[in-house]
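Input: a single structure, listed below in structure tokens.
The values are calculated or read from the model by the stated rules, or taken from the named source; none is laboratory data. Being a predicted model, the structure only gives us computed values, none of them experimental. Here the Cβ positions follow ideal geometry from the backbone for every residue, glycine too, while neighbour counts run over all protein chains shown.
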Amino acid sequence: MNAPSPAVRIMQRLEALATLTADPPRLTRVFLSEEHRRANELVAGWMGEAGLVAQVDAMANITGRMEGRSVGLPALLLGSHLDTVRDAGRYDGMLGVVTAIECAHQIGAGALPFALEVIGFGDEEGVRFGSTLLGSRAVAGTLDLKVLDLTDQEGICMADALRRFGLDPDQVTAAARRRADLLAYVELHIEQGPVLERAGLAVGCVTSINGATRLQVHLRGMAGHAGTVPMGARQDALVAAAEAILAVEQRCSQEQHLVGTVGRIEASPGAVNVIPGECRFTIDVRAPQDIRRGRAVRDIRAAVADIAVRRGIQSSIAVLHDSAASPCAPWLMQQIDAAIAAQGITPQRLPSGAGHDAMAMAAIADTGMIFVRCAGGVSHHPQESITVEDAQAGFETLRRFVRNLDPAQRQP
């Protein structure tokens with residue numbers, strides 16, 4: 001019987017991982033759970049079949065290493081995460097791990113002028129303890145050890161969860177890698193957006209992971225009787241918020257790859273016959289360049305202030321979150337483009353609007369990302385979907401990239 005093609009084997013393994021869930025038929029696999037343990041064991045078996053030597057580090061990440069033409073060379077690290085959101089799809093994260101293992105299998109030991117490693121991070125999503133990128137931040141040496149005190153919904157702290165997993169929380173820092181040991185980190189991932197699908201392309205090269213600013217806006221007007229206060233005499237906080245929300249949309253529609261979202265809004269007192277006296281809402285602004293994001297945030301702040309003054313409303317804005325953009329390394333992007341073009345696919349570059357482990361890994365390594373088209377851009381949902389043909393294009397892009405990677409092009 002003929003062996004399955006790389007893409008078919010990748011899809012079969014993704015189906016196998018999808019069975020490791022806390023609440024079937026929904027896919028939910030969180031950090032340091034029994035499902036996480038079983039996923040590590042399954043992935044370790046596949047790594048062994050591919051010629052990778054597997055081990056689990058102090059933060060429950062699983063890594064497999066294949067030596068290059070000599071032992072002890074710096075490693076090209078490939079991978080993504082094995083945890084999921086609740087009621088997840090089966091490709092986010094896992095596709096990058098399984099495809100990387102398949103690439104190692106096809107290339108074989110001793111074939112490269114560098115070592116090849118594949119990693120399955122234990123936590124990227126942050127579902128269990130509310131803090132994201134735990135696995136990759138541990139590897140990057142940037143993990144704040146205060147997270148060990150965080151508790152899950154059952155009151156179990158992370159330190160105890162590590163102990164139950166068979167690990168020592170006092171050794172978490174041992175998961176950190178040195179920059180000198182890594183050539184680069186490259187992550188293959190579903191796009192989680194519709195750009196490639198609209199362009200009719202199976203794969204693309206990521207330029208940067210967007211930086212993000214999240215704001216909490218509080219508007220305070222005057223509540224009043226809905227029937228007796230004339231329209232021109234009102235200090236309606238909700239109407240002011242509506243105008244501000246439109247201002248966010250208008251400002252963020254002016255530039256490509258700049259996005260702004262109002263995801264939550266609350267008005268009070270919340271009665272059908274009372275003019276809203278207060279309103280709170282969030283704003284999420286993202287862009288692949290920090291300078292553009294900063295300009296947009298300043299403009300939005302000014303617009304909210306102007307609207308409030310004109311409408312007789314008091315306003316305050318608090319910063320909830322602010323993270324810098326994480327640009328991909330040009331020398332890696334150039335070689336990813338070459339791997340795409342070699343298949344007869346037009347190279348397409350695009351930013352990532354979602355966060356990835358590559359953001360954390362940028363602290364210790366040059367990073368690159370390959371996106372694979374997903375149906376409708378749907379992600380974090382059971383309807384998340386890719387085709388076998390696109391899985392093959394993703395595999396072939398990664399394989400060609402690894403096989404032909406020229407470390408001499410790395411900028412000092």
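Give all pairs with beta carbons closer than 8 Å in which a residue from the range 33-61 that is within 22 Å of Ala111 (Cα to Cα) meets a residue that is assigned to a loop (DSSP other than H, G, I, E, B) and not β-branched (Val, Ile, Thr); count only pairs at least 6 apart in sequence or on separate chains.
Gly51/Gly108; Gly51/Ala109
Within the set of pairs 6+ apart or on separate chains, which have a first residue in the range 108-136 that is not assigned by TED's automatic domain parsing to the domain that holds Tyr91 and part of a strand (DSSP E or B), a second that is surrounded by fewer than 24 Cβ atoms within 10 Å (Cβ to Cβ) and of a type in the set (A, V, I, L, M), and C-beta atoms under 8 Å apart?
none
Being under 20 Å from Arg137 (Cα atoms) and touching a helix residue (DSSP H, G or I) at 6+ places or on another chain (Cβ under 9 Å) narrows it down to one residue among Leu42, Leu52, Leu77, Leu27; which is it?
Every option except Leu77 fails the conditions.
Kindly state which strands (runs of 3 or more DSSP E) lie completely within the range 1-103 and contain at least 1 residues that are more than 24 Å from Phe165 (Cβ to Cβ).
Those strands (runs of 3 or more DSSP E) span 62-66, 75-81.
Take the residues in the range 155-205 that are within 23 Å of the chain's Cα centre (by Cα) and β-branched (Val, Ile, Thr), then tell me which one is nearest to Met361 (Cα to Cα).
Step by step, filter the range 155-205, then rank; the result is Val186.
Which count do you get for residues in the range 275-320 that are surrounded by 14 or more Cβ atoms within 10 Å (Cβ to Cβ), β-branched (Val, Ile, Thr) and assigned to a helix (DSSP H, G or I)?
Total meeting the criteria: 4.
How about the range 244-260: which of its residues are at pLDDT 95 or above and surrounded by fewer than 16 Cβ atoms within 10 Å (Cβ to Cβ)?
Hits for the range 244-260 are Leu246, Glu249, Gln250, Ser253, Gln254, Glu255.
Touching a Phe, Trp or Tyr at 6+ places or on another chain (Cβ under 9 Å), among the small types (Gly, Ala, Ser), assigned by TED's automatic domain parsing to the domain that holds Glu389 and closer than 30 Å to Ile340 by Cβ, is that true of Ala184?
So Ala184 passes the test.
Is there any pair with a first residue in the range 170-192 that is over 16 Å from Val402 (Cα atoms) and a second that is of a type in the set (Phe, Trp, Tyr) and in a strand (DSSP E or B) whose Cβ atoms are under 6 Å apart and which are 6 or more apart or on different chains, and what are they?
The qualifying pairs are Glu191/Phe371.
Let me confirm something: among Ala318, Ala341, Ala325, Ala302, which residue is out of contact with any helix residue (DSSP H, G or I) (no Cβ under 9 Å at 6 or more places or on another chain), among the hydrophobic types (A, V, I, L, M, F, W, C) and under 18 Å from Gly204 (Cβ atoms)?
Ala341
Which one of Thr151, Thr84, Thr142, Thr173 is crowded, with 22+ Cβ neighbours inside 10 Å, modelled with pLDDT of 95 or more and of a type in the set (Ser, Thr, Tyr)?
Thr84
Give me the pairs, please: first residue somewhere in the range 214-226 and more than 10 Å from Leu320 (Cβ to Cβ) and not assigned by TED's automatic domain parsing to the domain that holds Val319, second residue anywhere and basic (Lys, Arg) and assigned to a strand (DSSP E or B), beta-carbon distance under 8 Å, and either six or more positions apart or on two chains.
Qualifying pairs under 8 Å: none.
Test of understanding: among Thr346, Thr367, which residue is touching a residue at least 12 places away in the same chain (Cβ under 8 Å), within 21 Å of Cys205 (Cβ to Cβ) and buried (at least 18 other Cβ atoms within 10 Å of the Cβ)?
Thr367
State which residue is farthest from the chain's Cα centre (by Cα) when the search covers only the range 214-243 and only residues that are surrounded by 19 or more Cβ atoms within 10 Å (Cβ to Cβ) and part of a strand (DSSP E or B).
The qualifying residue farthest from the chain's Cα centre (by Cα) is Gln235.
Only one of Ile364, Ile336 is touching a Lys or Arg at 6+ places or on another chain (Cβ under 8 Å), at pLDDT 95 or above and not charged (D, E, K, R). Can you tell me which?
Result: Ile364 is the single residue among Ile364, Ile336 that is touching a Lys or Arg at 6+ places or on another chain (Cβ under 8 Å), at pLDDT 95 or above and not charged (D, E, K, R).
Looking only at the range 116-139, count how many residues are of a type in the set (D, E, K, R) and either modelled with pLDDT under 95 or more than 19 Å from the chain's Cα centre (by Cα) (or both).
The total comes to 1.
Identify, by number, the condition in (1) within 28 Å of Ala18 (Cα to Cα); (2) in a helix (DSSP H, G or I); (3) without any contact (Cβ under 8 Å) to a residue 12 or more places away in the chain that Lys146 doesn't meet.
The number of the failed condition is (1).
Give just the number: which of (1) more than 24 Å from Glu102 (Cβ to Cβ); (2) among the hydrophobic types (A, V, I, L, M, F, W, C); (3) touching a helix residue (DSSP H, G or I) at 6+ places or on another chain (Cβ under 8 Å) does Ala184 not satisfy?
In the conditions (1) more than 24 Å from Glu102 (Cβ to Cβ); (2) among the hydrophobic types (A, V, I, L, M, F, W, C); (3) touching a helix residue (DSSP H, G or I) at 6+ places or on another chain (Cβ under 8 Å), Ala184 misses (1) alone.
Checking Asp160 against (1) more than 30 Å from Gly368 (Cα to Cα); (2) in the same structural domain as Gly294 (by TED's automatic domain parsing), which test does it fail?
Asp160 satisfies all of (1) more than 30 Å from Gly368 (Cα to Cα); (2) in the same structural domain as Gly294 (by TED's automatic domain parsing) except (2).
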